[in-house]
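The values are calculated or read from the model by the stated rules, or taken from the named source; none is laboratory data. Predicted model, so just to flag it, every value in this text is computed and none were measured. When we count neighbours, we look across all protein chains shown, and the Cβ atoms used for this are built from the backbone with ideal geometry, even at glycine.
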Amino acid sequence: MPVLITPAERSQDTRVGAPAWREAAKAITQKAHHLTDRCGQEAVTMWQPKDSVRDPHVARHLCRAAYILPWRFRVEMLKGGGTLEKPPPGEGVTLWKGKMKPPAWHARLPLPLHRDARALQTAEVVHAHARGARLTAARLCRAQHQINGQLRRLLRQREATDRRLSEVRKGLLINQQSGKLRGYRPKSEKAPDKADSMLTWEKEELKGMKRKMEKDMEKSEALLKALVSCRDTLAFCCKERLQAVDLMNQPLDKVLEQAGRHSWVNLSRVPSPRTQGQKTPPPDPVGTYTPECATALYEAKRLWMESKDTLLEMTKNEEDVREQQQEISDRVCASLAQKMRETLELEERMNMSLGLMRGTIHRYTKFNQEMYITRGLIKGPLSKRHLETREKLDRPLVRVYQRHVGTQLPEASRLAQGTDKLQRHISHVEKNLKELLATRKNLTGSLNCKKIGYEVDYNVVRLRLRQRHPHVCYEQAQRLVNDWDPRTPPRVESDAATK
């Protein structure tokens with residue numbers, strides 16, 4: 001049955017519904033409000049940047065002013081006293097009329113043009129990869145060209161060094177032939193002199209130059225092999241990188257110029273700490289700049305610097321060896337010329353002595369003949385019948401004188417003494433004449449030896465000056481050393497074959 005409420009109670013609470021029912025309705029309503037606020041906040045937050053969430057304890061207009069403050073243009077003072085407004089750095093859209101540059105806005109949810117955006121993003125990724133691959137290929141191609149140029153320079157320098165080494169070897173052959181030719185001098189002219197010492201010194205110096213040149217050739221050969229291997233590696237990496245740039249027709253040199261890195265254009269340029277332009281990306285096995293490309297470029301730069309130092313060293317050594325060899329050859333020729341002058345001076349003195357001795361021998365011979373005639377005149381005729389009357393010892397004057405005792409004449413004994421004394425002088429003159437003739441013979445032999453020695457030294461100098469000419473190659477000098485012998489007549493077979 002219905003319950004009756006007193007008037008006092010009805011004035012206090014006029015609601016009819018039960019409190020539990022009202023609380024349930026309030027709870028449902030509050031839950032709906034919370035859900036509405038949360039969904040609205042989440043919907044707004046999804047379309048706002050992360051840094052745009054405002055502080056609930058700060059007024060909205062203050063939050064907005066603080067948020068857009070970094071977007072406004074910055075005023076800079078100039079030296080002349082004026083001002084210049086510049087937009088803030090970074091990405092974004094510059095609003096020149098409003099003097100603001102808001103940053104780029106990134107949505108958290110896919111937009112209606114999400115499919116087109118993904119396609120554009122994919123195209124941008126592909127183009128970026130192609131540009132990176134093209135830039136890496138341009139660097140590899142430029143490094144390959146520079147390594148090729150260094151290879152050509154190294155080959156030319158090796159040719160110059162090889163020619164100089166051939167000249168040094170030819171100098172050794174000329175030295176050997178000079179010693180062999182000087183060995184044909186007479187025995188009296190083979191006394192060790194300074195010319196022989198100079199030839200020995202030249203031989204040792206040329207051997208040292210030969211070892212130095214051979215060492216340079218071995219070093220350059222190893223460097224040449226390393227450069228060829230590096231060039232092949234660069235060509236392979238460049239070809240592999242160019243597989244992804246078929247749709248781009250821009251020249252590789254233009255790409256390097258646009259990059260703005262001088263160290264990429266030239267291997268000799270050292271990278272500066274403050275790089276201007278594009279920076280070298282870190283090596284990535286699946287990126288455009290792979291570790292193989294980085295290793296190849298590093299090896300190319302190292303080999304380029306090493307080959308540059310080697311080229312400078314080889315050029316300097318080749319020039320030093322050329323000057324040193326020329327100086328040594330000139331000194332040896334000067335010593336041989338000095339020996340020739342000394343030999344010619346001694347030859348002139350010997351010739352003068354030989355002329356004086358020839359006159360003395362002629363006078364001695366004439367004097368000896370006159371003494372023989374005198375001895376014959378003193379001895380008198382061989383037959384008594386040929387004596388004159390005044391020479392006979394039994395002539396009347398002598399017989400009258402010898403009638404007294406002790407009146408013997410000393411004519412016969414004095415004639416015998418004079419004849420004996422004259423004979424002794426004749427023997428002494430003949431002995432001196434024999435000594436003069438023997439001395440003249442020795443002097444003539446020495447003079448002939450001096451002439452032969454002079455001719456040999458002259459031929460040695462002439463041979464050296466002729467053989468060291470650049471037109472005379474190493475093979476010609478080698479054939480001269482192996483085949484030529486001044487004491488051997490020319491072979492008839494070779495002459496007949498030549499004819």
Q.
Can you find a residue that is surrounded by 16 or more Cβ atoms within 10 Å (Cβ to Cβ), modelled with pLDDT under 70 and of a type in the set (Phe, Trp, Tyr) anywhere in the range 270-290?
A. no
Q) In the list 235, 244, which residue meets the criterion of being of a type in the set (A, V, I, L, M), under 30 Å from the mean Cα position of the chain (by Cα), under 30 Å from residue 292 (Cα atoms) and surrounded by 14 or more Cβ atoms within 10 Å (Cβ to Cβ)? A) 235
Q.
Quick check on the range 101-123. Is at least one of its residues modelled with pLDDT of 85 or more and over 30 Å from residue 42 (Cα atoms)?
A. yes
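Is it the case that the range 102-113 has a residue that's outside any loop (DSSP other than H, G, I, E, B), touching a residue at least 12 places away in the same chain (Cβ under 8 Å) and not β-branched (Val, Ile, Thr)?
No: zero hits.
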(Q) So in the range 115-142, with the set limited to residues that are surrounded by 11 or more Cβ atoms within 10 Å (Cβ to Cβ) and of a type in the set (Lys, Arg), which one is farthest from residue 470 (Cα to Cα)? (A) 118
Q. Would you call residue 163 assigned by TED's automatic domain parsing to the domain that holds residue 243, closer than 23 Å to residue 463 by Cα, in a helix (DSSP H, G or I) and touching a Pro at 6+ places or on another chain (Cβ under 9 Å)?
A. yes
Q: Taking the options 327, 323, 345, 319, name whichever one is free of Cβ contacts under 8 Å to residues at least 40 places away in the same chain, of a type outside the set (S, T, N, Q), exposed (fewer than 13 other Cβ atoms within 10 Å of the Cβ) and not assigned by TED's automatic domain parsing to the domain that holds residue 242.
A: 345
Q) Restricting attention to the range 124-154, which residues are within 30 Å of residue 71 (Cβ to Cβ) and small (Gly, Ala, Ser)? A) 128
(Q) Out of everything in the range 15-65 that is at pLDDT 80 or above and β-branched (Val, Ile, Thr), what residue ends up being farthest from residue 108 (Cα to Cα)? (A) 16
Q. Within the range 197-216, is there a residue that is under 15 Å from residue 328 (Cβ atoms), surrounded by 15 or more Cβ atoms within 10 Å (Cβ to Cβ), of a type in the set (Asp, Glu) and at pLDDT 90 or above?
A. yes
Q) Is it the case that some residue within the range 84-94 is among the hydroxyl-bearing types (Ser, Thr, Tyr) and not assigned by TED's automatic domain parsing to the domain that holds residue 288? A) yes
Q: Could you tell me whether the range 143-152 includes any residue that is over 30 Å from residue 291 (Cβ atoms), exposed (fewer than 15 other Cβ atoms within 10 Å of the Cβ) and either in the same structural domain as residue 318 (by TED's automatic domain parsing) or without any contact (Cβ under 8 Å) to a residue 24 or more places away in the chain (or both)?
A: no
(Q) Checking residue 183 against (1) at pLDDT 85 or above; (2) loosely packed, with under 13 Cβ neighbours inside 10 Å; (3) touching a Ser or Thr at 6+ places or on another chain (Cβ under 7 Å), only one condition comes out false. Which one? (A) (3)
